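J.: Structure in structure tokens, see below.
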4 protein chains.
Amino acid sequence: MDVVEVIPSPDQYAFTFGGVAPLRTVRPGTALRLWSDDAFSGALTSATDLSGDKVDLSRVNPQTGPFHVEGAEPGDTLVLHFVAMEPARDWGASAVMPFFGGLTSTERTAMLQEPLADTTWIYELDRARNTVEFVAHHSDLRLALPVAPMLGTVGVAPAGGEVRSSLVPDAFGGNMDTPQMRPGTTCYLRVNVPGALFSLGDGHYRQGEGEACGTAVEGAMTTTVVVELLKGADSLGGPAWPRLEDDASLVTVGSSRPLEDAWRIAQRELVRWVGELHGLHPLDAYQLLSQVTEAPIANVVDVNYSSVVKVRTDLLPHAPAYGGVHAELRARAATLL
Amino acid sequence: MDVVEVIPSPDQYAFTFGGVAPLRTVRPGTALRLWSDDAFSGALTSATDLSGDKVDLSRVNPQTGPFHVEGAEPGDTLVLHFVAMEPARDWGASAVMPFFGGLTSTERTAMLQEPLADTTWIYELDRARNTVEFVAHHSDLRLALPVAPMLGTVGVAPAGGEVRSSLVPDAFGGNMDTPQMRPGTTCYLRVNVPGALFSLGDGHYRQGEGEACGTAVEGAMTTTVVVELLKGADSLGGPAWPRLEDDASLVTVGSSRPLEDAWRIAQRELVRWVGELHGLHPLDAYQLLSQVTEAPIANVVDVNYSSVVKVRTDLLPHAPAYGGVHAELRARAATLL
Amino acid sequence: MDVVEVIPSPDQYAFTFGGVAPLRTVRPGTALRLWSDDAFSGALTSATDLSGDKVDLSRVNPQTGPFHVEGAEPGDTLVLHFVAMEPARDWGASAVMPFFGGLTSTERTAMLQEPLADTTWIYELDRARNTVEFVAHHSDLRLALPVAPMLGTVGVAPAGGEVRSSLVPDAFGGNMDTPQMRPGTTCYLRVNVPGALFSLGDGHYRQGEGEACGTAVEGAMTTTVVVELLKGADSLGGPAWPRLEDDASLVTVGSSRPLEDAWRIAQRELVRWVGELHGLHPLDAYQLLSQVTEAPIANVVDVNYSSVVKVRTDLLPHAPAYGGVHAELRARAATLL
Amino acid sequence: MDVVEVIPSPDQYAFTFGGVAPLRTVRPGTALRLWSDDAFSGALTSATDLSGDKVDLSRVNPQTGPFHVEGAEPGDTLVLHFVAMEPARDWGASAVMPFFGGLTSTERTAMLQEPLADTTWIYELDRARNTVEFVAHHSDLRLALPVAPMLGTVGVAPAGGEVRSSLVPDAFGGNMDTPQMRPGTTCYLRVNVPGALFSLGDGHYRQGEGEACGTAVEGAMTTTVVVELLKGADSLGGPAWPRLEDDASLVTVGSSRPLEDAWRIAQRELVRWVGELHGLHPLDAYQLLSQVTEAPIANVVDVNYSSVVKVRTDLLPHAPAYGGVHAELRARAATLL
């Protein structure tokens, strides 16, 4: 399988889902190797760079794309299989930005308190040990943490003619910020517009669940992804909200506020998915999943919060989702590595 | 170490934290072997028993206790180390109850829709395979699920003279419904009244994160627990909200609504705990934990929702919490097994 | 009609609903003239008194009561008609307290920011003009505001054996903080325990809707109230949540978090009330009320938020609630003034 | 003053804010007389028309516009003064639509219950009495309700290149659904794109606060509005969120979820506005407004909820907002009536 390499120039960065002309057209079955800049568009390069001085808020969370998928029509299901994610720089950056994050007031959870101190941390990457290093500002602690690459943001053009900031997650995907979006994962997204127009970015060298301070170890990333398309999947139980699959689990992601609604969306979507896969009545699926799901929070910091619900497939009867496309893509991916 | 066995009679069941005379007084260092009834007080014994007919809502979530701990005073920290949890019956019960659960309107998320159909599932326990069996109502699926015993409810008498239903979790612990409350875990709770007056119950043979439908595989449980007391822990960084520790992790639990506030409470409590343990400035602890915490939802169904935040201790420098009391209790517990 | 006067001594102040022995037993039909201290128990007497120094947090929001109502049994409806509320001091106090209020992080909406500056405002009462005077701290503005007396807190002992802080509103009433609780209003509360055990306090010389900063113009108050009892009202459509009636409106109050749930509770309770009064199907009542209700927020600062829904009775057909008890009490009250 | 009349054809209806070419360019100072269709695009004409059958969900909440305002640049403040709103048909329609409304689960507050029964109510307009008539479906009640015309939706193109559904309110205005948007009101909106690109629609012949069932008495409307522009208002305290002014009040509108965040946004915006107008320190403005604001909920049904905070100007010192533009527009409007 050939791999098409795309490295956008800064003027090609996309900052919305929808509303951007396609960067390229790809055929289903294509493998792409995509470079994406970090969420700050590379503006923070030292621990003395403050986000308030350096970060251009009109250029945060740049996406690589969008890609027009040939033949994709509304109601189809776009399939993105992540083969590899490789740090594209030797350092990542994280920041506590004024009025952004989970343990601070924000423009939406509006209060009168002063902001937290604008602070930047640079994490040097040790490729040999595959770690990034946390360096405390106010004490001597240095701590090597395992690299666990993931993409914060993957999505398609929204429905209804909307154009949404790349900072917001919703039914179209977007800035979900879940560590589940990692190599080995297949992502299913409902197609809303001809060509699907997907893009991705917001590489994280690692991130805790919740993304508490609002930023992960943000880093430029090279992502290898195989693109597939399921035609007419809507009638076959296509996803209303983003679904993920890996070798061990089925995963759904809901995004809304308050956080319980994000969870409700994800839990109900998994009730639907598992119910359809296994021919279960909704109440039986609801009951069964109540005893077996895991529910790691994705983010509590974006304009919509995201919550993940997942189930280990080894707890369920064998029934490959979408005709076993994940396993097939895993096999294809193996030829790329 | 001696083990004191307590099996309450039904008229001794406690349905509140606070407001109940102590069942027994125990000295710090005591091991207890406590039988607790299931959350329905044993009312559901067959899949044709409907909660609307059989469950007495004034007798749900019975607790075994309270226990007066000698010498415990407000500001101290109660330490409960869970040695073992053994199913005390050969079956567990779960139910979708009208207007209770995560994917239904409730008395608090009040709507006008009809309730979901009142439905009961009985899970037979296979002690040899250590599984419980899900049996679908509307199809033929039967599925053996691993037993993973835990307690939904552990708490002390609340502060401020309050008496709270055993259905509600809050700063005093209570009905947190997190699978983290399992054998091998040490639970730290702030003492609010002389004697602490802790109780426990709500055994689950297994439960998914979120406890989506409102009930786990509810079962009578025999719990072996060692009781300890840390004097004056408030000044040493005692817990404001429940903290848990096991061999791998430090864990905090927040309970409130909306769910993001439960998470905020837990995340901030862990910022404090890790900050104190490692001498980190709050912003450094906030940043570090943003990259390493896990955030599994506990419940989205109780009067307060509960959210867990945890960090693997092998990602942090070595620094035993509370003088290493968890390791010491693990060693003591080993002599009981 | 005789009026029984009660002025509690500080050691008689009640700080919970439930859990307190009755201050006095009263017969239905009794008029009471009750003195209540301000929410700070009188601790703030000058604009230089800071809440952090002066306010004893174990003694905030003192209630006058509880009163045991003869013959009141669970399921009955307690009726409290407010005849008069008179400022009992010549000044009121308000404060921005650290980590308390609507535009600050709190112990439940937990963040890492510094608190707002602890600040106290004293409002002198001008009895002749019936105004209180706002005096700015940081500029020269002085502003006379009309006195509009109300009670922040009115409630009965909770159900289920619970004892709740006087700071929290819930189905039992409590700290709802709505300006609707004013002279001329009749309050209906479901009786949960024998004797009802109602108490009241938290006088406000005036308060904006939402009680944004967390405290109103807090003042000692003398409240004249007539006590009545509706027997067996549960079967006749007694209130599940607090209901209010005045000459112009029917009002319901819901209390929970998030705020939309408080509103949902109140809106559904009014759908029930108006539906029963006018023989309307729930969907017709839902539709009709959607076009005519007012929805002033009560508080966004307490442990539960409170939201009011009201409907002007002149928009509806004539149908006196509860057999016209409000009009009858208005007539009786007139003989007291 | 001339009045420019605009009646869009159905193919000219706008269903988003942003993303639509201007319908017309207008100069500041222009008066417009705009016809807008109802929120169902006229699809419900009888009480037997069900929304599920008749309403095209891709064509709900049509807007008239957008209008390009000459000279408007990002950071300026658009001023829309509403002179008159006249029902343009002799009937309005309202509906309980499946999974839409405040007392039902929705696609975002996702549950498993069945929807409420799809039901439509037609309100005949009596122009002589200026009433609309509620007709119950399930009983004989007919009730004449006063007409109180308002616009549910008024907004400009969003910032950041976003295009948003006309169903959602946010900082750009949009579907706020507040009865404050009525004749005599001046609306201030921050300009985000050259020309501002405002549109309006969603006429309501009357609406209760909260818009509980999700739809008001929806009707085609003829709105007379005068357009003005404040240049460079950002530096002079221009609005971050929609501000309204009428002869009696200053009003702010916040839109988000949960509802307390909508309220927080509005309350803080009013703290800023009143603070700037009267030279008050934020803490003094916070305190003063806590005692005088009204807080009527706008909607609890849209993708973002909206909450209003208002203050009667007669409670404050005299200080005309924005140089008295409201009074000036009132005077100009008088010449149009």
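Values quoted throughout were computed directly from the atomic coordinates according to the rules given, and no laboratory measurement underlies them. Bear in mind that the values here come from a model prediction, so they are computed numbers and not experimental data. For neighbour counting, all protein chains shown are included, and Cβ atoms are generated from backbone atoms with ideal geometry for every residue, glycine included.
J.: Amide H to amide H, which residues 5 or more places from C:Ser249 or on other chains are under 5 Å from it, using H placed in the peptide plane?
T.: C:Thr313
J.: Quick check on chain B: what are the equivalent-ellipsoid semi-axes from the Cα gyration tensor, as sqrt(5λ), descending, whole Å?
T.: On the way: eigenvalues 191, 104, 77 Å².
Equivalent-ellipsoid dimensions as semi-axes: 31, 23, 20 Å.
J.: Then there is this: Sort out for me the Cα centre separation of segment B:14-31 from segment B:204-269, rounded to whole Å.
T.: For segment B:14-31 versus segment B:204-269, the Cα centre distance is 19 Å.
J.: Moving on to the next point. Of all alpha-carbon pairs in the protein assembly as shown, indicate the percentage at a distance above 55 angstrom. Intermediate values should be presented prior to the final figure.
T.: Values: 166296 of 907878 pairs.
Taking all Cα-Cα pairs of the protein assembly as shown, the fraction more than 55 Å apart is 18 percent.
J.: What net charge do the residues around C:Pro62 carry, taking every other residue with its C-beta under 10 Å from that of C:Pro62, with Lys and Arg at +1 and Asp and Glu at -1? Write down the numbers at each step before the final one.
T.: Values: positive: C:Arg59; negative: C:Asp37, C:Asp38, C:Asp202.
Charge balance near C:Pro62 sits at -2.
J.: Mean separation of Cα pairs under 8 Å and 6+ residues apart, divided by the residue count of segment B:1-64: what relative contact order is that in percent? Before the final figure, lay out each step's value.
T.: On the way: 69 pairs, mean separation 28.7, N = 64.
Across segment B:1-64, relative contact order equals 45 percent.
J.: Report Rg(Cα)/(2.2 N^0.38 Å) for segment D:18-129, keeping two decimals.
T.: Details: Rg = 18.4 Å, N = 112, 2.2 N^0.38 = 13.2 Å.
In units of the 2.2 N^0.38 Å rule of thumb, it is 1.39.
J.: Given Cβ point charges of +1 (Lys, Arg) and -1 (Asp, Glu) and nothing else, what value in debye, to the nearest 20, does the dipole of the protein assembly as shown about its Cα centre take? Before the final figure, lay out the partial values.
T.: Details: 96 positive and 164 negative charges, 0 e Å.
Its charge dipole is roughly 0 debye.
J.: Give the order of B:Thr215, B:Thr186, B:Thr104 when sorted by the count of other beta carbons within 10 angstrom, beginning with the fewest.
T.: Numbers: B:Thr215 32, B:Thr186 26, B:Thr104 23.
Lowest to highest Cβ neighbour count: B:Thr104, B:Thr186, B:Thr215.
J.: Now, a different point. Enumerate the amide H contacts of C:Leu116 below 5 Å, restricted to partners 5 or more residues apart or on another chain; note that Pro and chain-start residues carry no placed amide H.
T.: C:Phe99
J.: Then there is this: Any chance you could list P(r) for segment A:43-93, counting all Cα-Cα pairs in 10 angstrom bins from zero, rounded to whole %?
T.: For segment A:43-93, the pair-distance distribution reads 16, 32, 26, 20, 6.
J.: Further question on the same structure: Given a Förster distance of 51 Å, report the FRET efficiency between A:Ser139 and D:Leu57 from their Cβ-Cβ distance, rounded to the nearest 0.05. Provide the component values of the computation, followed by the final result.
T.: On the way: r = 56 Å, r/R0 = 1.10.
Using R0 = 51 Å, I get an efficiency of 0.35.
J.: OK, next. Over segment C:3-334, what is the relative contact order in percent, taking alpha-carbon pairs closer than 8 angstrom and at least six residues apart?
T.: Numbers: 895 pairs, mean separation 75.0, N = 332.
Here the relative contact order equals 23 percent.
J.: Kindly state, to the nearest 0.05, the FRET efficiency for D:Arg89 paired with D:Lys231, given R0 = 35 Å and r defined as their beta-carbon distance. If you can, show how the numbers build up before the last one.
T.: Numbers: r = 39 Å, r/R0 = 1.10.
Working from the Cβ atoms, E equals 0.35.
J.: Whole number please: convex hull volume per residue of the Cα set in segment C:19-61, in Å³?
T.: Details: hull volume 4.0 nm³, N = 43.
That works out to 92 Å³ per residue.
J.: Oh, and also: Scan around A:Ala298 for amide H atoms under 5 Å from its own, H built in the peptide plane at 1.01 Å from N, and keep only partners 5 or more places away or cross-chain.
T.: Here the answer is A:Gly210, A:Ser306, A:Ser307, A:Val308, since their amide H atoms fall under 5 Å of that of A:Ala298.
J.: In Å³ and rounded to a whole number, note down the convex hull volume per residue for the Cα atoms of segment A:1-82.
T.: Given the Cα convex hull of segment A:1-82, per-residue volume reads 122 Å³.
J.: For D:Glu276 and D:Glu114, compute 0.36 nm times the residue count separating them, minus their Cα-Cα distance, and round to one decimal in nm.
T.: Values: separation 162, 0.36 × 162 = 58.32 nm, distance 5.00 nm.
Additional length available on full extension: 53.3 nm.
J.: Right, here's the next one. Neighbour counts of other C-beta atoms within 10 Å: give me B:Leu151, B:Leu112 arranged from fewest to most. Provide the component values of the computation, followed by the final result.
T.: On the way: B:Leu151 27, B:Leu112 22.
By the 10 Å Cβ count, ascending, the order reads B:Leu112, B:Leu151.
J.: Another question about this same structure. Mind listing the label-point distances from A:Arg59 to the same position on all other copies, shortest first, one decimal in nm, points 7 Å along Cα→Cβ?
T.: 4.3, 6.2, 7.0
J.: Would you kindly derive the ³J(HN,Hα) couplings of segment A:144-152 from the backbone phi angles with the Karplus curve 6.51 cos²θ - 1.76 cosθ + 1.60 (θ = phi - 60°), listing them in order in whole Hz, with x for Gly and Pro?
T.: 7, 10, x, 5, 9, x, 7, 10, x
J.: Report relative contact order for segment D:187-238 in percent, whole number only (criteria: Cα-Cα under 8 Å, sequence separation at least 6). Before the final figure, lay out the partial values.
T.: On the way: 25 pairs, mean separation 16.4, N = 52.
Answer for segment D:187-238 is 32 percent.
J.: Let me ask another. Using Cα atoms only, what is the angle between the long axis of helix A:325-334 and the major principal axis of chain A, expressed in degrees (0 to 90) to the nearest 10?
T.: 50
J.: Follow-up question, since we're still on this one. What does the charge count around D:Thr131 come to, taking other residues whose C-beta lies under 10 Å from its C-beta (Lys +1, Arg +1, Asp -1, Glu -1)? Walk me through the numbers before you get to the answer.
T.: Numbers: positive: D:Arg127, D:Arg129, D:Arg206; negative: D:Glu124, D:Asp126, D:Glu133.
That works out to 0.
J.: Calculate the spin-label point distance for D:Ala47 paired with C:Ala21, positioning each point 7 Å from the Cα along the beta-carbon direction, and give it in nanometres.
T.: For C:Ala21 paired with D:Ala47, the spin-label model returns 6.1 nm.
J.: Give me the inter-chain shielding for D:133-139: mean count of other chain Cβ atoms within 10 Å, whole number please.
T.: Numbers: counts 0, 6, 3, 9, 5, 7, 7.
Per residue, the average neighbour count from other chains is 5.
J.: On to the next question. Distance check, please: which entries in C:Lys310/D:Lys231; C:Lys231/C:Lys310; B:Lys231/C:Lys54; B:Lys54/B:Lys310; C:Lys54/C:Lys310; A:Lys231/A:Lys310 exceed 31 angstrom between their Cα atoms? Before the final figure, lay out the partial values.
T.: Numbers: C:Lys310/D:Lys231 41 Å; C:Lys231/C:Lys310 25 Å; B:Lys231/C:Lys54 28 Å; B:Lys54/B:Lys310 38 Å; C:Lys54/C:Lys310 38 Å; A:Lys231/A:Lys310 25 Å.
Over 31 Å apart, Cα to Cα: C:Lys310/D:Lys231; B:Lys54/B:Lys310; C:Lys54/C:Lys310.
J.: Quick one: angle between helix A:259-278 and the longest Cα principal axis of chain A, in degrees between 0 and 90, rounded to 10, please.
T.: For helix A:259-278, the angle is close to 30 degrees.
J.: Report, as an integer, the average count of C-beta atoms from other chains found within 10 Å of each Cβ along B:261-273. Intermediate values should be presented prior to the final figure.
T.: Numbers: counts 11, 4, 11, 14, 4, 2, 11, 8, 1, 1, 5, 2, 0.
Mean number of neighbouring Cβ atoms from other chains: 6.
J.: Along Cα-to-Cβ, 7 Å out, sits the label point; list in nm, shortest first, how far the one on D:Val4 is from those in the other copies.
T.: Nearest first, the other copies' label points are 4.4, 7.3, 8.5 nm away.
J.: To the nearest 10 degrees, how steep is helix A:282-292 against the longest Cα principal axis of chain A, on a 0 to 90 scale?
T.: 50
J.: So if each residue of separation counts as 0.36 nm, and I subtract the Cα-Cα distance between A:Ala331 and A:Glu70, what length gain in nm does that give? Working shown, then result.
T.: Values: separation 261, 0.36 × 261 = 93.96 nm, distance 2.28 nm.
Extra length available between A:Ala331 and A:Glu70 comes to 91.7 nm.
J.: How much length is gained on full extension from C:Ala128 to C:Glu5, taking 0.36 nm per residue of separation minus their Cα-Cα distance? All intermediate terms of the calculation are to be shown ahead of the outcome.
T.: On the way: separation 123, 0.36 × 123 = 44.28 nm, distance 2.53 nm.
Using 0.36 nm per residue and subtracting the Cα-Cα distance, I get 41.8 nm.
J.: Report ³J(HN,Hα) in whole Hz for each residue of segment A:245-252, in order, from the Karplus equation J = 6.51 cos²θ - 1.76 cosθ + 1.60 where θ = phi - 60°; Gly and Pro get x.
T.: Those phi angles translate into 9, 10, 5, 10, 8, 9, 9, 10 Hz.
J.: Please order A:Tyr205, D:Tyr286 by the number of other Cβ within 10 Å, starting at the fewest. Working shown, then result.
T.: Working: A:Tyr205 30, D:Tyr286 27.
By the 10 Å Cβ count, ascending: D:Tyr286, A:Tyr205.
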